[in-house]
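> Here it is, the structure, as structure tokens.
Rule-based calculations on the coordinates, nothing more; no lab input. Worth saying up front: this structure is predicted, and the values here are computed from it rather than measured. Note that we place each Cβ from the backbone using ideal geometry, even for glycine, and neighbour counts take in every protein chain shown.
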Amino acid sequence: MNKIYFKFLFFIVGIFSLILCGCSATTRNINITDEVHYDAGYDFSDKKQIVDKLVNPLLLSTFLPSSAKKPILIIYPIANETSEHINTGGITDDIRMKLLRNGKFRFINKGQRKNIEKEIQYQNKGYVAPFMRIEQGRQLGADYILSGTLRSIAKKQPKHWRLKRKEMIYYSLDLTLTNLKTAEIVYADQAEIAREASEPIIGW
């Protein structure tokens, strides 16, 4: 009887040890160039893929007339029309950064306009020496507006007996370049990502 008791106790201790080991926290560095997905939803791997798909063709395009003057762009935040809470500001910043680093375009800093206005107002209140004050009416004007919209379509398997639940999500990001003077769309492109993920019905 004692042998059976000790075997049962050893079994229980072993089960709890496995549970505790499985629940222990681990941390590791991930190569940001590798694709890492835990489910079908949007993640950092998708951001890089979408930005590369849109920026690289734009840099190779020849829609602009040959001129020594670099076109000045103002980029508006990417609109999020998905059902998810996606911070599209990261997409906007990455697109601007890649285009700016290439040197083909110049950019207006739309996000700092209110701060610039406040600083100019402060300088003109007499706190700054006259010869150091920023003159109003000297800012650059944009030639083009760069804008985009992120959309998604999500589908789940209908309810029926199965061991795994499957989900498919499709993402598309449309990028548009508009001539500010004529309101003409001079360039447009789209990046698409579709992913299917499955997970067991029972699990943790």
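> Name the shape class, rounded, prolate or oblate, that the alpha-carbon gyration tensor gives for segment 103-193, where a ≥ b ≥ c are the square roots of its eigenvalues, rounded holds for a/c under 1.5, and otherwise prolate holds if a/b is larger than b/c and oblate otherwise.
prolate
> Mind sorting TYR171, TYR127, TYR122 by how few other Cβ atoms lie within 10 Å of their own Cβ, fewest first?
TYR127, TYR122, TYR171
> Turning to a different aspect of this structure: Calculate how many DSSP beta bridges within segment 67-180 are antiparallel, expressed in % of all such bridges and rounded to the nearest 5.
Within segment 67-180, antiparallel bridges account for around 60 percent of the total.
> Assign one of three labels to segment 51-153, namely rounded, prolate or oblate, based on the Cα gyration tensor with a ≥ b ≥ c the square roots of its eigenvalues; rounded applies when a/c is under 1.5, prolate when it is not and a/b is larger than b/c, and oblate otherwise.
Values: a/c = 3.26, a/b = 1.54, b/c = 2.11.
Here segment 51-153 falls in the oblate category.
> Between ASN179 and ASN115, take the C-beta separation as r, use R0 = 35 Å, and let me know the FRET efficiency to the nearest 0.05.
Plugging the Cβ-Cβ distance into 1/(1 + (r/R0)^6) gives 0.80.
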